[in-house]
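Report on the following structure.
The values are calculated or read from the model by the stated rules, or taken from the named source; none is laboratory data. Keep in mind it's a predicted model, so treat the numbers as computed, not measured. With ideal geometry, Cβ positions are generated from the backbone for all residues, glycine too; neighbour counts draw on all protein chains shown. Ligands, DNA and RNA are excluded from the accessible area calculation, which covers all protein heavy atoms including side chains. Shrake-Rupley method; radii C 1.70, N 1.55, O 1.52, S 1.80 Å.
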Amino acid sequence: MCGIFAYIGPTENGQTSQGQAGQGQPPKAAAIVLKGLKKLEYRGYDSWGIAAKLKNGASRGAEAGEIVIEKHVGKISEVEKLEDKMLGESSLAIGHSRWATHGGVTNYNAHPHTSEDGRVVVVHNGIFENFLELKEDLIAKGHQFRSETDTEIFAHLIEEKMHAGLNFLAAFKASCKMLTGRYAVVAIHRDENMILAARRGSPLIVGKGQNGEYFVASDVPAFLEYTKDIMYLDDNQMVVLDREGASAASAAFFNLETDEKIEKRVISIDWKEEMAEKGAYPHFMIKEIMEQKESLARAINTDEALIQKAAQMIKSAYGTTLVGCGTAGKVAMMGEYFFAEIAKKHVNTKFGSEFKSARHFLTDRSLVIAVSQSGETADTLEALETAKARGAKIISIVNVETSTMARISDLVIPLKAGPEKAVASTKATTSQIAILILLAYAVSGDLNEGKRMLVEVDGKLNDMLNPRYEKHIEGIAEQIKNAQDIIIIGRDLNYPVALESAIKLQEVSYIHAEGFAGGELKHGPIALVSEGTPCIVIAPNDEFKAEILGNAMELKARGAKIIGVSPENAAVFDIWIRVPMNGYASPIMNLIPIQMLAYKLAVIRENNPDMPRNLAKSVTVK
Ligand code: M6R
C-alpha cells in the first residue's frame, strides 16, 4: 500500500543509471525515480509525487541545492514527462505513489510532504496511529499544516527537533521514536546530501547500484533494471545513504531503538526483469492467469523435505490455525477442508483481521500457518506477531520469500509463483492451494499421491489456458456484462472457492458478486435472485454433486440464469463452462475460468483489471 522510491547517485563523473555523468548526461535523479515509481504503481495509484534536490537548479527557476517538488492526482503510469522544473541536474530524489488513508485524493494530500520552512521533505507508507495527538502538539507550537494526512506531521516533527538543536539525522531518529503504528518513511533535507529511510512494519529494500548509486524502494522489481544486489531493512532499522564527496554514495544501517550500527549482507537475487513485465499481454492479470501452468508446476516441485518438515510440525502441534486475508484468507479456508478431507485432521482458520480472539488458545505448542502472496499484509502480520508473543511456531506460505512474514517465520514454504503484479491475485492463489494440498497429503502420510494428482491437474491446464477457451469465457462475459448481481455457489471445499470467486469478480468487474454455500441459499440469500440473475454453480463430480445441482434447480426456479462450472454438462445449466476434474484439486480447476471471467468482464466494462479502483496490491495498513 503506497509505493516509495528513492535514489542517490554521484554528482559528477562515474557511470550512473542514466549514463556517463560529466559526459553530457548529468544524473537526473527525478527521472530515475519516475521510472521506479511506475513499477510500484500497483501499490497505490490515487496520486503521486517526486521531490528532487537540484544541483544547478538556478537555470530552471530554482536555486542550486533547492528541493523541487512535483505532485499530481492520477496514475503515474500516464505521465510521460516531468515538469520542466524537475529536469535540472540532480543526483538525489525521492518519490511516492499513494493509496489514500488519511485525507482525500488531492494534490495537497499527495506525497512528498514538507516541513513548515520547506527544508525537510518526506514520503511515507503506512499509518502513524498517534498522529492526531502529535499534530495537536505541533499546532500548539505554531505549526501550520497544508494537508489532511498523517504523513505531514513527520516533516514538522523533524523540523521541530532541528530547531531544538539536533542535526538532521538525530532529528529523524528522534521523530521516528515518537511515532506509533506500522510505517516506512524516507526523508531528505535542503542542506544535506543524504537520504534517510526507516521501517517499522512496512517494507523497504535498499538496492546497491554500481559506482556509488543506491536505491530505496517498497519492492525489489522497482530497481531490478539497475541492480540485483539488495539489502533488506528489518523492522526498527534505518539506513543513511550519504554521499562521500562528489562521486559516490555509501550506506550505513542502524538499529532505530539502540542506535547501534548494523552490518548488512548484500544479497544477490536471481529475479529476471522480464518476470515483472507484461510482455505481449495487454494486462498483468491475464499474463498471470496464463502463467499458471508453470507457476503451479513450480509449487508442485516444492522441496519434499520442506513439505515433510511442515507436516511434522502440523502433526506435533497442539492446534494449528491457518491465517490469511482476502483471497489468501479464502485459500486458508480451503486448507481447513483439505486437512479434514485428505488427512482427517482438524485445523482452524481465521482471517488476519479477526485473529485476536484466537490468542486465548495459543501456547508454545500451537502452530500458526500464514498464507500470503506479498508476505506484508498488515492484518496477517499482526496475527503472526500475536502468535509469536504467545510462543507459537509460525510457518508461512508466501510468494515474496524475502518478505517480513517469511523473515519472522520458523519455516517458510515459498510459492515460487514469480512476481504477481495485478492487484487481483491469480497465480499465487493456485500455488497456495497446491501447497496446502501437498501439506494435507503429507500429514496423511501419502505425499506422493498428492503430487501425482497435482501433476495430473497441471497437465490438464492447457485445456483451459488457451485462446479458444478464453474466447468462450469472453462470450459469457458479454452475456452477463450488465448484471447487477452475480451469485456463486459451491459446497464443501468448493464453498471457499465460491467466496474467492466473488472476490475476483467484485474487485475487477465492480459487479456486486457474492459467494454462498449451496445449502445456505434457502436460509436467506435466495431472496436476492430475480429474473435473469447470473448464478455460477460450481459442480465438480464429487459426493455433493446431486445436492449442488439441486441448489441450481432452486435458483433456476426463481428465474436465475445458471452458469455451471463442471466437468459435465447438466440440464439445469443455461451456460456450461467445462473444467477438467481432479478430485481434491478441483478448486484449482474451478477457479481458473472464474479468474478469466472476472478479467474479461473488467475489460468489456472498460475497467483497468490491473489497478482496480479503491484497491492496492499489498495491504500494509490495518
Ligand atoms: O499479499 P496477501 O496475499 O497477504 O494479500 C491478501 C489480500 O489483500 C489479497 O489476497 C487481496 O484480497 C487480493 N486483491 C485478492 O485478489
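Where helices (runs of 4 or more DSSP H) fall entirely within the stretch 395-462, those with at least 2 residues that are within 19 Å of V619 (Cα to Cα) are at 404-408, 427-444.
Using the structure shown, decide if F338 is more than 16 Å from the ligand (Cβ to nearest atom) and under 23 Å from E500 (Cα atoms). Yes: the conditions hold for F338.
Within the stretch 306-361, the set of residues being in contact with a Gly (Cβ under 8 Å, 6 or more places away or on another chain) and of a type in the set (A, V, I, L, M, F, W, C) comprises L322, V323, C325, V331, A332, I342, V347, F351, F361. Being β-branched (V, I, T) and within 16 Å of the ligand (Cβ to nearest atom) is a description that does not apply to V457. Taking the criterion of being away from the ligand (no atom under 13 Å from the Cβ) and buried (at least 22 other Cβ atoms within 10 Å of the Cβ), the only residue of the stretch 415-434 that qualifies is A434.
So is A280 more than 25 Å from S586 (Cα to Cα), at pLDDT below 95 and in contact with a Phe, Trp or Tyr (Cβ under 9 Å, 6 or more places away or on another chain) or not? Against the criterion (more than 25 Å from S586 (Cα to Cα), at pLDDT below 95 and in contact with a Phe, Trp or Tyr (Cβ under 9 Å, 6 or more places away or on another chain)), A280 does not qualify.
One residue stands out in the stretch 314-335 among those that are surrounded by fewer than 18 Cβ atoms within 10 Å (Cβ to Cβ) and not charged (D, E, K, R): the one that is nearest to the ligand (Cβ to nearest atom), namely G319. Residues in the stretch 473-493 that are touching a residue at least 12 places away in the same chain (Cβ under 8 Å) and not in a helix (DSSP H, G or I): K481, A483, Q484, D485, I486, I487, I488, I489, G490, R491. In the set (1) assigned to a loop (DSSP other than H, G, I, E, B); (2) small (G, A, S); (3) closer than 25 Å to T101 by Cβ; (4) modelled with pLDDT of 95 or more, the condition left unmet by G165 is number (3).
Of all residues in the stretch 366-391, those being of a type in the set (G, A, S), in a loop (DSSP other than H, G, I, E, B) and open to solvent by 10 Å² or more (accessible area, probe 1.4 Å) number 2. Entry remark, the stretch 496-522: residues being of a type outside the set (K, R) and assigned to a helix (DSSP H, G or I) number 17 in total.
Within the stretch 174-217, which residues are part of a strand (DSSP E or B) and among the β-branched types (V, I, T)? Hits for the stretch 174-217 are V185, V186, I188, I195, I205, V206, V216. Every residue in the stretch 176-198 that is open to solvent by 10 Å² or more (accessible area, probe 1.4 Å), within 16 Å of I94 (Cα to Cα) and touching a strand residue (DSSP E or B) at 6+ places or on another chain (Cβ under 6 Å), please. Once the filter is applied, which keeps residues that are open to solvent by 10 Å² or more (accessible area, probe 1.4 Å), within 16 Å of I94 (Cα to Cα) and touching a strand residue (DSSP E or B) at 6+ places or on another chain (Cβ under 6 Å), the stretch 176-198 yields H189, R190, N193, M194.
Of all residues in the stretch 354-377, those being near the ligand (Cβ under 9 Å from one of its atoms) and of a type in the set (G, A, S) number 4. The residue of the stretch 396-414 that is surrounded by the fewest Cβ atoms within 10 Å (Cβ to Cβ), among those that are within 14 Å of I314 (Cα to Cα) and of a type in the set (A, V, I, L, M, F, W, C), is L411.
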